[in-house]
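Below is one structure; the comments refer to it alone.
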Amino acid sequence: MYNLNSYKKYYFTKQIVLVFMLLVSSFRGNAQNGTERKQLFDFNWKFFLGDTAAGRLKDFNDKNWRSIDLPHDWSIEGKISPENPTGGEGGYFPAGIGWYRKTFKFPGEWKSKKVSIYFEGVYMNSEVFINGKSLGIHPYGYTSFVYDLSPYLDFNSENVIAVKVDNSQQVNSRWYSGSGIYRHVWMEVTDPVHIAHWGVAITTPEVSSKKATVQIKTLIKNETGMAQSVVISTRLRDPNAKNAGNNQIKVQLAANSEQEIAQTIMVPDPMLWTPETPHLYNVQIQLLKNKKVVDDTKTNFGIRSIKFTAENGFQLNGKVIKLNGGCLHHDNGCLGAAAFDRAEERKVELLKEAGFNAVRTSHNPPSEVFLNACDRLGLLVMDEAFDCWRVGKKKYDYAQYFDRWWKRDLDAMVLRDRNHPSIIMWSIGNEIVERGSPEAVETAKMLAGAVKEIDTTRPVTSAIVEAGKDWAALDPLMAAHDVGGYNYHLWNAPADHQRVPSRIIVQTESYPKDAFANWKLVQNRNYIIGDFVWTAVDYLGESGIGRWYYSGDVPGEHWEHDLFPWHGAYCGDIDITGWRKPISHYRSMLYNNTEKLYMAVREPDPTPLEIKTTWWSVWPTWESWNWPAFAGQDIQVEIYSKYPRVRLYLDDKLIGEKSTTGEQEYKATFTVPYSPGKLKAVGLDNDKEIESTILQTSGDAAKIQLTADRKEIAANGQDLSYVTIELTDKDGIFQPNASNLLHFKIEGPGTIAGVANADMKDTDPYAGNARKAWHGHALVVIRSTHGTGDIKLDVSSPGLSGATLTIKSFQKK
């Protein structure tokens, strides 16, 4: 059960059952009186990199500024250089100050409306102006915020929104942050009598396979000087768009007031939300005045229950679930921080394909689109607020804002995200510097209490790491949380359970190399609910974490030295092109039954040099049987298998047979003198060969192979197609050592949004039209324009046969 002694107001008895129904926070509105409630405001902006105080003024001449569409990250467009002030933490990318401006007109019928502008995320220290008037400054780069424009709009001429973004104070982050308006911007238009921003909260206090009790709370605002009478009408639709219940209540609102209205709807035979079956319902809430619709919103939601106890761990809809989680930073590789819808969705797809069932949004709230994708595709989420509290880790980080802003930023996260069915835990911090002090305990209680004021349906955790003292000295801090978050300390959980048997434990970070040991602890102890590896996907910044190196290179861990040209992290199960590393297949095999056989080869030491690993690295291992420099030398071949025994063949000659069960940890390693040929691993069950996989030696690179994840994209100026590039020999066999320079050319209604190769030492620009392959792979991302038709991508390289791919851009109806 939870340990809630630290805040008696929320003390629960022996078992805590959290049962609720949650909605997706894409709070899209329908037309009310012919006006769309929420309108995308991403297009036709002007941008200037640098500072100009006059940029705030309405009549400022910005015609020479660059024309851009959002989302936008100017850091990823710049040169990677050791001279940039972001340093290794920020990946040596540029930062600075940038200005954005947009000129627009409002229709006359909006004069009687309430008009607001909503920013999903701006990094960082943004100041927003309307017609020269400052609306406010928002320091934190990861929380969403809204400003009321109504008092300052000019309905007789053009209006100008200007945004100053100040990311010049460095270093302010331990990882790549990006710079700019990197998430969506929306214009929100409502009647003066309307549903408040983030004003809907939905729970289900009772859920079973036979029925669910749906409780909907809606905050209604009357921003007029007169009393108002309205009807709130709520209708539920099931995943098949069939009616699932409705309710109406008449409401009397005093002048300039707000009122929260509670409604209850019973749903028979609910289709429950799970990662395997992420069923989403839909709720439509309308406000009617004199039988006329004055506000109208539709929101997706899911029905499910959660329960956390030390006796049974984490239960979803009554079923015990073990969390195979990955930590994830917010960047999108070669796109930087820009949160394109497709890029955010693809991250969730990659995590699901890699066998993860949970993600930790380290160390900040993610984009709304990311959470929507988690809801739709079925990925459990630990939603995290902060990397630090009052004591900072970097000179200009969030610690300088904490006392003034923590409440607003924490409220923004919980209010915005509270209705997502994917979110199962709130995290209030990560490896807090002051964690060993009594003050940290009080801060944790304060933050947890603030979360509970808004949402009592989920537990609160944070990621706690050893503080250089006795681990047990952190017990008071652990007790301020509902779930104890362990960074790299799960090995101590059995002893902790003896000391504090009521503690529910999750490992919030772990080393990739410890996958089996952590999996075994998670599987064998009910009070341990899961493990989140650091990390799920490689990321920019925190340069050199996860690296391996050769004797003679700069030794040690990433924080000990300047490791340029390393400009990113290589500790992910998935690299930044989307390729799953061998450790990904191994981890997925431990937790799932979706794949049962995999083979890779350990890179041999380049004698007389030796390969050296670091804390977050695993031995460099590749899907390759191309080792021409090691002819006749012993090479280790690894087979990961759920089959009890495996065999290895080279050119159909049996090398050997081994067990993968018990102490073998689902692995078998064969030592093979290298000679070119076809390496085949076979999984055995009752001595019968069931499944096989092959690695084959290839000739020199001769061809370019292109594979698009989507052959059709929307002509909306933001949709993406990820094109994977593989280099093969003349017979089409993959060449894993190829590093040819590739040139990209595009024709038609598309642009190149980014290029990458996963080599965190390659400092060639991510925004460009050329990139070297690395281990035979590269990636190019195509972005649509607003035009329709065929987008033609040509990829060429001297000495190789070129390749062409066509992607169709179409207008969505």
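The values are calculated or read from the model by the stated rules, or taken from the named source; none is laboratory data. Since the structure is predicted, the reported quantities are computational estimates derived from the model, not experimental observations. Because the Cβ atoms are built from the backbone with ideal geometry, glycine has one as well, and the counts that use them run over all protein chains shown. Side chains are part of the model used for accessible areas, which takes the heavy atoms of the whole protein and leaves out ligands, DNA and RNA. Shrake-Rupley method; radii C 1.70, N 1.55, O 1.52, S 1.80 Å.
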Next item on the list: Round to the nearest 10 and give me the degree value, 0 to 90, for the angle of helix 515-524's Cα axis relative to the longest principal axis of the chain.
Entry: 60
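Could you estimate the translational diffusion coefficient of segment 690-813 from the Stokes-Einstein equation, with Rh from the Kirkwood formula over C-alpha pairs, at 4 °C and 1.567 mPa s, in whole µm²/s? Numbers along the way, then the final one.
Numbers: Rh = 15.1 Å.
It comes out at roughly 86 µm²/s.
With a 1.4 Å probe and all protein chains left in place, how much accessible area per residue does the chain have, in Å²?
Working: 30370 Å² over 813 residues.
For the chain, the per-residue accessible area is 37 Å².
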Check: Size of segment 436-486 along its principal axes in angstrom, Cα-based, largest extent first?
Finding: 35, 20, 12
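Which number comes out as Rg/Rh for segment 616-670 once both Rg and the Kirkwood Rh are worked out on C-alpha atoms?
Details: Rg = 12.7 Å, Rh = 12.8 Å.
Result for segment 616-670 is an Rg/Rh of 1.00.
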Next item on the list: Give the cross-link partners of Lys678 among the lysines, using a straight C-alpha distance below 16 Å as the criterion and excluding same-chain residues fewer than 8 apart.
Entry: Lys653
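With +1 on each Lys and Arg Cβ and -1 on each Asp and Glu Cβ, and nothing else charged, work out how big the dipole of the chain is about its Cα centre, in Debye to the nearest 20.
Values: 92 positive and 96 negative charges, 542 e Å.
With Lys and Arg at +1 and Asp and Glu at -1, about 2600 debye.
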Margin query: Under the rule a/c < 1.5 gives rounded, and otherwise a/b versus b/c splits prolate from oblate, where does segment 245-339 land using the Cα gyration tensor?
Written below: oblate
Next item on the list: Using a 1.4 Å probe over the heavy atoms of the protein chains, calculate the carbon and sulfur portion of the accessible area of the chain as a whole percent.
Entry: 48
Note to self: I'd like the distance separating the alpha-carbon centroids of segment 618-641 and segment 176-214, in whole Å.
What the structure shows: 50
Next item on the list: Could you point to the residue in Leu335, Leu316, Asn300 farthest towards the positive end of segment 295-335's charge dipole, with +1 and -1 charges on the Cβ of Lys/Arg and Asp/Glu respectively?
Entry: Leu316
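Return the subset of Lys703/Lys772; Lys242/Lys812; Lys658/Lys688; Lys319/Lys596; Lys745/Lys772 for which the Cα-Cα distance in this structure is over 18 Å, preserving the input order.
Numbers: Lys703/Lys772 15 Å; Lys242/Lys812 24 Å; Lys658/Lys688 14 Å; Lys319/Lys596 24 Å; Lys745/Lys772 15 Å.
With Cα atoms farther than 18 Å apart: Lys242/Lys812; Lys319/Lys596.
Would you mind classifying segment 101-257 by shape? Square roots of the alpha carbon gyration tensor eigenvalues, ordered a ≥ b ≥ c; an a/c under 1.5 is rounded, otherwise it is prolate if a/b is larger than b/c and oblate if not. Could the numbers behind the result be given before it?
Values: a/c = 2.57, a/b = 1.38, b/c = 1.86.
Verdict is oblate for segment 101-257.
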Note to self: Going through the cross-link list Lys307/Lys445; Lys38/Lys250; Lys102/Lys291, which pairs have a Cα-Cα distance over 28 Å in this structure?
What the structure shows: Lys102/Lys291
Note to self: How long are the semi-axes of the equivalent ellipsoid of the chain, defined as square roots of 5 times the Cα gyration tensor eigenvalues? Whole Å, largest first.
What the structure shows: 44, 33, 26
Check: Hey, what did the chain get for relative contact order, percent, Cα under 8 Å, at least 6 apart?
Finding: 11
Item checked: Probe 1.4 Å - accessible area at Asp562, Å² to nearest ten -> 100
Item checked: Positive-end residue, the chain charge dipole about Cα centroid, Cβ charges, pick of Phe516, Ser179, Thr671 -> Ser179
Next item on the list: Please give the solvent-accessible surface of Arg435 in Å², to the nearest 10, using a probe radius of 1.4 Å with every protein chain present.
Entry: 40
Next item on the list: Compare the peptides 324-334, 242-252, 506-516, 711-721 by average per-residue count of other Cβ atoms within 10 angstrom and give them in order, highest first.
Entry: 324-334, 506-516, 711-721, 242-252
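In deg cm²/dmol and to the nearest 500, what is the mean residue ellipticity at 222 nm of the chain if only DSSP H runs of at least 4 residues count, each as -39500 (n - 2.57), divided by the residue total? Can you show the working numbers first?
Working: 8 runs with 88 residues, N = 813.
Calculated at 222 nm, the ellipticity per residue is -3500 deg cm²/dmol.
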Next item on the list: Go through His585, His775, His786 and list them by solvent-accessible area, largest first, probe radius 1.4 Å.
Entry: His786, His775, His585
Next item on the list: Rounded to whole Å and sorted largest first, list the principal axis extents of the Cα atoms in segment 442-595.
Entry: 49, 39, 33
Checklist line | By average C-beta atoms within 10 angstrom, highest first, the peptides 102-110, 342-350 | finding: 342-350, 102-110
